Structure formats: structure tokens, C-alpha cells
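Visitor: I am attaching a structure below and will ask some questions about it afterwards.
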Amino acid sequence: MRTAEISRKTKETDIQISVNLDGESKVSIDTGIGFFDHMLTAFGVHSGINLSVSCKGDLNVDAHHTVEDTGIVLGQAFAKALGDKAGINRYGTSFIPMDESLAFCSLDISGRPFLAFNAEFNDEKTGEFDTCLTEEFFRAFAFNSGITLHIRKEYGKNDHHAIEAIFKAVAHALKDAIEIKGENVLSTKGVL
């Protein structure tokens, strides 16, 4: 089983995350930010993993530490659960529509973290979630999981729809990339 449990406690956040990459989309999320919980739930369900996230953050300041630190710990959990990455597809690409919005994601579980994020939002917030934190979350996730991650909002007016399409596009690309197709590491180097 490709599983991991990671805990991280700082003066700003206290986070526990567990993942099972071979799960059945069982998801339990509690970050204290309703919209972010909704996005992480969609992420877990659409990627096909079991995902449990518990975060107590300094929301009296704002949502930044909670969102970024959740991305850090989730990335660490993915990296640990993937192990040596033997047999995985490695690559995944997905376009996801959400009503008037369309999002794109292409990724490589390469061990070389990078984020290319091309999305602008119309409003500062959706619910209690700062829309700019979408990029912060995925940067933290990419750099801590060792994933090269390209995300683009193709178009869309409603930020809720656009951000949800982004989370689902990443989830579907990940679902393809983590699928085991063989026994060997998909790299001319022999390691990722």
C-alpha cells in the first residue's frame, strides 16, 4: 500500500494529513476554511485517493498559513507515499470544465519541483478563502512533493467555478500519473 501520515506543528499551524494513493476516495477534511475544505474534498474524490486533513491554524490572522502549510504537508505525504515511484505513469494531463470555466493541468512526478501557474481571478475572496491562495497552495504542494506542475485557467468568470475546475484538473492529472503501469521507474536515468 502506498500510504503516508505526516504531522507538522508550528506556532502558526498544527496539521495532520494521511493519504492512501490506492484508496477509494474516502475523504475527511477540516481546515476551518469552508471553501478550502470543499476544494480539498474535490481533490481527494477526483484523484481517487483516501485523504484525511486536519488543520488548526491561526485564522485570526488570515488563511495564508493554513492554506500554504496544508500544501507543504500534503506534498510531503505524497512524496512519502510514492516512495521510489517504480511503475507509475509519471505524467498526467487534464482539462476540466466547471460550468462557464475551464481549467488545464499537466504534471510530471519527476522529483524536480516546479510550478507554472497562469490564472487570474476576478474577486479577492470566495467565501473566507483568498483566491490568491490557490497559487500558494499549489506552489507548496509542488515543491514538497517533487512534482513539476503546470496549471492554467483557460477562461471563466465565476471564481468558485474556476478554482474548483483547477483543483479537479490537478486531481485528474494526478490520478493518471500515480497509476501503476509497470515495475520499472519511467526514466532513462533509472531513478526519479
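Read-outs: derived from the displayed coordinates by stated rules, not from any lab. Remember, it's a predicted structure, so these values are computed and weren't measured experimentally. Here the Cβ positions follow ideal geometry from the backbone for every residue, glycine too, while neighbour counts run over all protein chains shown.
Visitor: Would you mind checking segment 147-162 for residues with the amide N under 13 Å from a putative spin-label position 7 Å along Cα→C-beta of residue 123?
Guide: The answer is 157-162, whose backbone nitrogens lie closer than 13 Å to the label point.
Visitor: State, as an integer percentage, the relative contact order of the chain based on alpha-carbon contacts under 8 Å between residues 6 or more apart. Walk me through the numbers on the way to the answer.
Guide: Details: 481 pairs, mean separation 50.1, N = 192.
Once divided by the residue count of the chain, the mean separation gives 26 percent.
Visitor: Right, here's the next one. Please turn the phi angles of segment 113-128 into ³J(HN,Hα) values with the Karplus equation 6.51 cos²θ - 1.76 cosθ + 1.60 (θ = phi - 60°), one per residue in order, whole Hz, x for glycine and proline.
Guide: Going residue by residue, I get x, 7, 10, 10, 10, 10, 7, 10, 10, 7, 10, 6, 9, 10, x, 9 Hz, with x marking Gly and Pro.
Visitor: Then there is this: For the chain, give me the percentage of DSSP beta bridges that are antiparallel, rounded to the nearest 5 percent. Before the final figure, lay out the partial values.
Guide: Values: 33 of 42 bridges.
Bridges in the chain that DSSP calls antiparallel: roughly 80 percent.
Visitor: Considering all projection directions equally, how large on average is the shadow of the alpha-carbon convex hull of segment 3-178, in square nanometres?
Guide: On the way: hull surface 34.7 nm².
Answer in nm², one decimal: 8.7.
Visitor: Here is a follow-up. I'd like the FRET efficiency for residue 116 and residue 61, computed as 1/(1 + (r/R0)^6) with the beta carbon distance as r and R0 of 30 Å, rounded to 0.05. Please report the intermediate quantities before stating the final value.
Guide: Numbers: r = 29 Å, r/R0 = 0.96.
For R0 = 30 Å, the calculated efficiency reads 0.55.
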